[in-house]
1. Quick check: is even one residue across region 331-342 within 22 Å of Glu319 (Cβ to Cβ), β-branched (Val, Ile, Thr), open to solvent by less than 40 Å² (accessible area, probe 1.4 Å) and assigned to a helix (DSSP H, G or I)?
2. Look through Ala163, Ala128, Ala155 and report the one residue that is within 25 Å of the chain's Cα centre (by Cα), more than 27 Å from Ser311 (Cα to Cα) and open to solvent by less than 30 Å² (accessible area, probe 1.4 Å).
3. So for region 133-144 (the condition being more than 30 Å from Leu28 (Cα to Cα), in contact (Cβ under 8 Å) with a residue 60 or more places away in the chain, open to solvent by 40 Å² or more (accessible area, probe 1.4 Å) and under 19 Å from the mean Cα position of the chain (by Cα)), does at least one residue qualify?
4. Considering only region 310-350, how many residues are without any contact (Cβ under 8 Å) to a residue 60 or more places away in the chain, in contact with a His (Cβ under 9 Å, 6 or more places away or on another chain) and over 22 Å from Asn99 (Cα atoms)?
5. Among the residues of region 374-405, what is the count of those that are in a helix (DSSP H, G or I) and of a type outside the set (A, V, I, L, M)?
6. In region 166-176, what residues are open to solvent by 40 Å² or more (accessible area, probe 1.4 Å) and under 16 Å from the mean Cα position of the chain (by Cα)?
7. Just to verify a result, which residue in region 2-22, among those that are open to solvent by 50 Å² or more (accessible area, probe 1.4 Å) and modelled with pLDDT of 95 or more, is nearest to Ile235 (Cα to Cα)?
8. Test of understanding: among Arg122, Arg205, which residue is exposed (fewer than 14 other Cβ atoms within 10 Å of the Cβ) and of a type in the set (D, E, K, R)?
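The values are calculated or read from the model by the stated rules, or taken from the named source; none is laboratory data. As the structure is a prediction and not an experimental result, all values here were calculated from the model. Note: ideal-geometry Cβ built from the backbone for every residue, glycine included; neighbour counts use all protein chains shown. Accessible surface areas use protein heavy atoms only, side chains included; no ligands, DNA or RNA. Shrake-Rupley method; radii C 1.70, N 1.55, O 1.52, S 1.80 Å.
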Amino acid sequence: MARTVVVGGGAAGIAAARTLHDAGRDVLLIEASDRLGGRAHSLSLTSLFPREGGGSYWTPAFAGDHVDAGCGWLHSAQRNPWTSIAEATGFTVDRSDANWRTQWRDLDFPPEDQASSAAAYRAWNEHALVALEGPDRPLSDFIAPNNRWLPKIDAISGYANGANLSQVSLHDWAAYEEAATDDNWTVKEGYGTLIASHAIGLNIRLSTPVTRIDHSGRVLKLDTPAGTIDADHVIVCVPTTVLAKSQIVFDPPLPDKHTAAADLPLGLADKVFLHVDRPEWPTNAHLIGNPYSACTASHRLSPFGWPIVESFFGGDCAEMLEDGDAAQFAIDELVGLLGSDWRKRFTPLAATRWRNEPFIGGSYSHARVGRAGQRAVLAAPVDGRIHFAGEACHPFDFSTAHGAYETGVAAARALIGESVTIA
């Protein structure tokens with residue numbers, strides 16, 4: 001029976017390998033790092049909260065609960081395949097409102113300004129969508145440089161796209177916007193935990209980076225530090241950074257793939273997790289740190305009622321803080337809103353640095369202006385033997401774990417011989 005090797009153990013690779021395995025196919029999943037999940041990575045609360053030496057805020061109730069260092073939201077949840085997988089396998093799906101549009105107690109963001117900024121966002125959105133019939137343009141073209149709310153909309157682009165308005169393609173952004181829905185749910189045990197659990201029972205090799213794929217002969221040969229792996233088919237499920245930097249070399253070369261990957265760079269979104277002593281807000285409350293700045297965090301307050309703040313940075317702001325003190329930045333913002341007495345109530349627990357994560361190098365893809373069509377180029381199979389999957393290959397659900405899942409399943413079904421269309 002033909003053997004397939006899936007390269008990359010993130011959401012797409014796991015979905016592809018699971019589909020092939022469940023169809024009775026011989027499949028090996030190999031992952032460069034020492035864990036599965038890729039950009040889906042959950043951190044257990046037991047690992048964040050000290051249990052000894054004065055860890056007074058530890059409680060056994062946290063056992064089994066996780067925060068997500070990477071993707072954390074079941075976007076478009078009612079049509080998201082991970083939602084049904086979670087429910088079928090005993091995970092807890094929370095359907096609470098994300099409250100992104102709500103400022104707890106209107107702190108430093110009065111209702112009239114909230115209404116004004118929302119109106120400016122709607123106007124920007126409408127101006128952008130009206131321009132869809134024309135040539136591709138950066139999203140920054142659709143709001144005046146002197147608009148009071150440009151910084152806030154730029155910050156939102158950083159959260160949503162991992163990049164600021166001037167860097168994002170109108171045509172690419174619109175493909176996502178027109179397909180997405182507003183149901184954004186969470187998984188109490190962690191989205192990353194859910195995705196990794198989907199790989200249970202698969203044939204897996206960790207810490208096995210692929211450096212070269214030789215497709216010159218009848219048998220595909222994958223070079224790794226542990227030796228060469230032979231395959232009849234390969235599904236490549238790696239971030240665009242890996243291909244753009246030629247960390248995997250194809251022989252003969254596939255220059256169109258490297259160019260497409262470079263045109264679909266990974267933006268950046270990072271998180272900081274803080275413990276808060278005696279939180280005073282309700283579960284799943286929200287604060288934006290400074291609604292008048294493009295460099296500000298979106299603060300998720302006490303998810304699931306935990307004494308935690310999850311602070312989210314995106315775009316240029318996240319880039320600036322990668323090598324700085326993002327936790328201190330988050331605390332300063334919160335203290336600025338809540339008052340100086342709160343400073344001693346916050347304790348940093350963890351911070352992500354996805355730009356510096358080996359074999360990943362960023363968060364989620366966006367198309368450069370004029371390059372939205374490169375998603376189809378990246379996704380196209382080569383000689384019926386080399387397939388590509390991952391969030392960057394999806395025509396409209398890119399930047400999501402469910403988009404990655406669907407492309408992984410589609411690649412696997414194409415090898416099985418089943419007709420499948422992403423729509």
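1. Yes, some residue in region 331-342 is within 22 Å of Glu319 (Cβ to Cβ), β-branched (Val, Ile, Thr), open to solvent by less than 40 Å² (accessible area, probe 1.4 Å) and assigned to a helix (DSSP H, G or I).
2. Result of the check over Ala163, Ala128, Ala155: Ala128.
3. no
4. 0
5. Looking only at region 374-405, we keep the residues that are in a helix (DSSP H, G or I), and these are 374-379, 391-393, 401-405.
Next cut, of a type outside the set (A, V, I, L, M) only: 374-375, 391, 393, 402-403, 405.
Count: 7.
6. Tyr176
7. Out of the qualifying residues, it is His21.
8. Details: Arg205 fails: exposed (fewer than 14 other Cβ atoms within 10 Å of the Cβ).
Answer to the check: Arg122.
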